[in-house]
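The values are calculated or read from the model by the stated rules, or taken from the named source; none is laboratory data. Note that this is a predicted model, so its numbers are computed, not measured. Cβ coordinates were reconstructed from backbone atoms using ideal geometry, including for glycine residues, and neighbour counts include every protein chain displayed.
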Amino acid sequence: MKEKVSYNLYSTERRYRNETLVTYFFQANKKIIKKWKPYTLSSGETVRLNTETGEFVNYKKSEILASKNSSLRRTVILMNMLLNMNDFDWFWTITFDKNKIDRTDADAIFDCYKKYINNMKKQYPSFAYMTFPERHEDGCFHLHLLVAGLSPKQMGLVNSGKVCCHWATKRVDFHTREKIGYYSKEYFEKTKHLHELKETDGETIYNATSFAYGFTTVSRIVSRERCNSYVKKYVEKALGSTTKWKKRFYYSSNLKVPTIVKKLIGADFEEPINLKNEKLSLIDNNIYVENSKGQPYISDYNTLQIKIENSIKDNLDKGLITIDLDLDNIFNNQMSIFDKKV
C-alpha cells in the first residue's frame, strides 16, 4: 500500500541588517520521488527522463518557461540578499581589447576574467565583488562589477580626466556601445550651471591599471540604492548557452549573507492549504504577522511573505509589547491644554 504523504507548515526567517523576511510555506513530510527528471542529451538538448521506464520526452514550451522563471526568481532572491547585506565602494565597467582577445569568445573571456579575479583575491584577501556579465547584440562581452575591500592604490586607479555627467548619456562609448554618461572635467564645469545636478554628477571617472586585458571605467558609488537598482537589470539579460558562463552573476565567497532560521509551525496537513484564501490560526495569530509590513502572497509557490523591522522583532522575541504612539497628536493635545490654562 502506497504511504500517504502529509504536509508540514514551516517558516524561514532571513535576518537582514534592518529587517527580517519571514516566509511561510508547506513542505511534504517525506521526500517525494519524482517520476520525471531533467536529462541532457549528447547534443546538448535537455529532455525529460522517466526514471521508471527510461523514456525520453521533450519539454513543453510552458514547462521550459516555468523552469526559466523559477531559476530567475531564485537568482533574484540571492542577488537581493547579497545587495542588502553588503556595501560596495566602486562600480566597474570592463571591456576587453579586441587586439588581445576575441571579445565574442565566451570561453576565452571567462578564462581571462577568472584569471584576473583569482590573482586579485590571492594578493588581497579582503577583495569582495559581484560581477554581472553582459553580451551585446554584436556578440561582444563586457562586465559590470561592484567592488569593495580594495584601496585606489591596490586597484591601480588613475584619474581619466573625466567625470560623471547625466546629460552626456546621448553619447555612445566606442568600445561598449553603451551610453557614456561622462564628459571631461573642463566641459562639465562649463555646462553644469545649465542643468539640475544629480548626486553622481561631478564624480571622477578612473581607469584601473591592474586590469591588463582591456579597458575599464571605475567610479565611486555615492548612492547604494541607485547602484543596486541599476545592476538588477543585468540579471534578466540571459547570456545564452555557453560552456563556462553558466550563472547570471558571480560573487566572492567573503560576502555577508543573512542568517536563516527554519521553524516548524504546524504538522500533518492532508494537503497544502491555500495560504491566501484560507485563514490559518497558526498564522493569523502570529505576532510577527500582526506587526508586519503587509503580507505579499506568491501564488506560484503558495508562500506568504512578511517583513518585520528587527527592532520590533527583537522586542517581540523578548516578550515586550510595542505600542504605536501618535506623537504629533499627543503633542498638539498637550499644547492645547497648556494654552487653555494660560
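Where residues in segment 263-285 are in contact with a strand residue (DSSP E or B) (Cβ under 7 Å, 6 or more places away or on another chain) and part of a loop (DSSP other than H, G, I, E, B), which of them is surrounded by the most Cβ atoms within 10 Å (Cβ to Cβ)?
275
For residue 313, are the conditions met, namely being at pLDDT 85 or above, among the charged types (D, E, K, R) and surrounded by 14 or more Cβ atoms within 10 Å (Cβ to Cβ)? Working first, answer last.
Details: at pLDDT 85 or above: yes; among the charged types (D, E, K, R): yes; surrounded by 14 or more Cβ atoms within 10 Å (Cβ to Cβ): yes.
Yes; evaluated as a whole, the condition is true for this residue.
For segment 214-255, which residues satisfy the criterion of being modelled with pLDDT of 90 or more, outside any strand (DSSP E or B), out of contact with any Leu (no Cβ under 8 Å at 6 or more places or on another chain) and not polar (S, T, N, Q)?
249
Can you tell me which of 60, 68 is exposed (fewer than 12 other Cβ atoms within 10 Å of the Cβ), under 30 Å from residue 147 (Cα atoms) and under 30 Å from the mean Cα position of the chain (by Cα)? Lay out the reasoning, then the answer.
Values: 60 fails: under 30 Å from residue 147 (Cα atoms).
Answer to the check: 68.
Residues in segment 162-170: is at least one within 17 Å of residue 89 (Cβ to Cβ) and assigned to a strand (DSSP E or B)?
Yes.
With the requirement that a residue be surrounded by 14 or more Cβ atoms within 10 Å (Cβ to Cβ), of a type outside the set (Phe, Trp, Tyr) and in contact with a strand residue (DSSP E or B) (Cβ under 7 Å, 6 or more places away or on another chain), what does segment 87-103 give you? Give the steps one after another, and end with the answer.
Going residue by residue through segment 87-103, those that are surrounded by 14 or more Cβ atoms within 10 Å (Cβ to Cβ) are 88-96, 101-103.
Add one more test, that the residue is of a type outside the set (Phe, Trp, Tyr), and what stays is 89, 93-95, 101-103.
89, 93, 94, 95, 103 - these are the residues of segment 87-103 that are surrounded by 14 or more Cβ atoms within 10 Å (Cβ to Cβ), of a type outside the set (Phe, Trp, Tyr) and in contact with a strand residue (DSSP E or B) (Cβ under 7 Å, 6 or more places away or on another chain).
Within segment 58-77, can one find any residue that is not in a helix (DSSP H, G or I) and not basic (Lys, Arg)?
Looking through segment 58-77, at least one residue is not in a helix (DSSP H, G or I) and not basic (Lys, Arg).
For segment 294-306, give me each residue that is in contact (Cβ under 8 Å) with a residue 60 or more places away in the chain and within 11 Å of residue 22 (Cβ to Cβ).
Once the filter is applied, which keeps residues that are in contact (Cβ under 8 Å) with a residue 60 or more places away in the chain and within 11 Å of residue 22 (Cβ to Cβ), segment 294-306 yields 303, 304, 305, 306.
Could you grab me the full set of residues in segment 206-233 that are aromatic (Phe, Trp, Tyr) and touching a Lys or Arg at 6+ places or on another chain (Cβ under 9 Å)? I'd like the intermediate steps shown before the answer.
So the first thing to find is which residues in segment 206-233 are aromatic (Phe, Trp, Tyr), and the list is 206, 211, 213, 215, 230.
If the condition is that a residue be aromatic (Phe, Trp, Tyr) and touching a Lys or Arg at 6+ places or on another chain (Cβ under 9 Å), then 206, 213 are the ones that fit.
State all residues of segment 160-191 that are at pLDDT 75 or above, farther than 19 Å from residue 209 by Cα and surrounded by fewer than 15 Cβ atoms within 10 Å (Cβ to Cβ); if no residue qualifies, say none. Show your work before the answer.
Taking segment 160-191 and keeping what is at pLDDT 75 or above, we get 160-165, 184-187, 189-191.
Among the residues that remain, those that are also farther than 19 Å from residue 209 by Cα are: 164-165, 184-187, 189-191.
Residues satisfying the conditions are 186, 187, 189, 190, 191.
Scanning for something surrounded by fewer than 16 Cβ atoms within 10 Å (Cβ to Cβ), of a type in the set (Val, Ile, Thr), touching a residue at least 12 places away in the same chain (Cβ under 8 Å) and not in a helix (DSSP H, G or I), does segment 104-122 turn up at least one residue?
Scanning segment 104-122 turns up at least one residue that is surrounded by fewer than 16 Cβ atoms within 10 Å (Cβ to Cβ), of a type in the set (Val, Ile, Thr), touching a residue at least 12 places away in the same chain (Cβ under 8 Å) and not in a helix (DSSP H, G or I).
Take residue 83 and tell me if it is without any contact (Cβ under 8 Å) to a residue 60 or more places away in the chain, assigned to a helix (DSSP H, G or I) and surrounded by 13 or more Cβ atoms within 10 Å (Cβ to Cβ). I'd like the intermediate steps shown before the answer.
Numbers: without any contact (Cβ under 8 Å) to a residue 60 or more places away in the chain: no; assigned to a helix (DSSP H, G or I): yes; surrounded by 13 or more Cβ atoms within 10 Å (Cβ to Cβ): yes.
Taking the combined requirement at face value, the residue does not satisfy it.
Give segment 123-143 a look and list any residue that's surrounded by fewer than 18 Cβ atoms within 10 Å (Cβ to Cβ) and under 18 Å from residue 246 (Cα atoms), or say none.
Answer for segment 123-143, where residues must be surrounded by fewer than 18 Cβ atoms within 10 Å (Cβ to Cβ) and under 18 Å from residue 246 (Cα atoms): 134, 136, 139.
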